[in-house]
Amino acid sequence: MLKSYVIVISGVTASGKTTLIQELSHKLPDCSLISFDDYSIDALPSAPPIDTPIQEAVNQYDISMLMDDFLKVYNKHHFILVDFPFGYKHDTLKPYIDKVIYIKTPLDVCFARQILRDYTNKDGEQIRDWAKTYLNFARPIFVNHDKYISSDADLVIDGLLPLDKKAGLILNEFKLDNLF
């Protein structure tokens with residue numbers, strides 16, 4: 001019977017999770033990708049308030065739709081790559097995870113990437129409002145997330161490395177290209 005090898009890529013918003021799982025999928029055979037962003041989990045009515053410390057909030061997030069899709073591909077592909085900000089910390093996905101890689105990207109770079117990604121069609125006032133919110137409210141949340149989620153990752157990689165180097169580090173560290 002096939003046993004899927006499950007790799008979770010974690011990091012704060014705009015750290016490069018999705019880009020990295022896409023790159024890894026080109027280098028590993030028989031992959032399935034699951035992306036947290038496809039489920040709008042943090043927008044569900046059941047999601048905890050944004051200012052809830054991650055240590056309390058992580059298991060309050062309803063990931064049942066993500067898990068439904070995950071279980072449809074589990075043990076049907078050699079690799080399942082999951083873009084998931086919570087690493088090992090969410091009790092529902094944790095039993096399935098083989099490795100967690102945390103992308104440690106400087107928060108100023110994440111902020112700039114988020115502006116480029118999410119605010120391209122916004123006016124200057126909306127961008128300034130997000131910058132104020134980030135400085136006064138969101139940044140401490142990201143700092144806490146970064147520290148808590150990365151604490152038990154199997155590998156922490158520098159988010160400023162070129163994409164091919166990040167993928168190479170992961171493949172070499174866990175000998176993934178030799179598993180199957």
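Of note:
- Across the range 1-152, Cα pairs under 8 Å and at least six residues apart give a relative contact order of 40 percent.
- Listed by number, the DSSP H helices of the chain that run 15 Å or longer by alpha-carbon position along their axis and have mean Kyte hydropathy of at least -1.0 are 17-27, 107-118, 139-150, 163-174.
- MRE, 222 nm, helices only [DSSP H, n ≥ 4, -39500 (n - 2.57), over the chain, to nearest 500]: -11500 deg cm²/dmol
- Between Asp42 and Gln60, the modelled label-to-label distance comes to 1.4 nm, taking each label 7 Å out from Cα in the direction of the beta carbon.
- A probe of 1.4 angstrom, applied to the heavy atoms of all protein chains, finds Arg128 with accessible area near 130 square angstrom.
- R0 of 22 Å, Cβ-Cβ distance Ala131-Ile50: FRET efficiency to nearest 0.05: 0.85
- Anisotropy class of the chain from Cα gyration tensor, a/c 1.5 cut: prolate
- Probe 1.4 Å, all protein chains present, accessible-area order of Tyr134, Tyr119, largest first: Tyr119, Tyr134
The values are calculated or read from the model by the stated rules, or taken from the named source; none is laboratory data. From a predicted model like this one, the values you see are computed outputs, not experimental measurements. Positions of Cβ are generated from backbone atoms using ideal geometry, with glycine treated the same way; all protein chains shown enter the neighbour counts. In case anyone asks, the SASA skips ligands and DNA or RNA and just uses the protein heavy atoms, side chains included. Shrake-Rupley method; radii C 1.70, N 1.55, O 1.52, S 1.80 Å.
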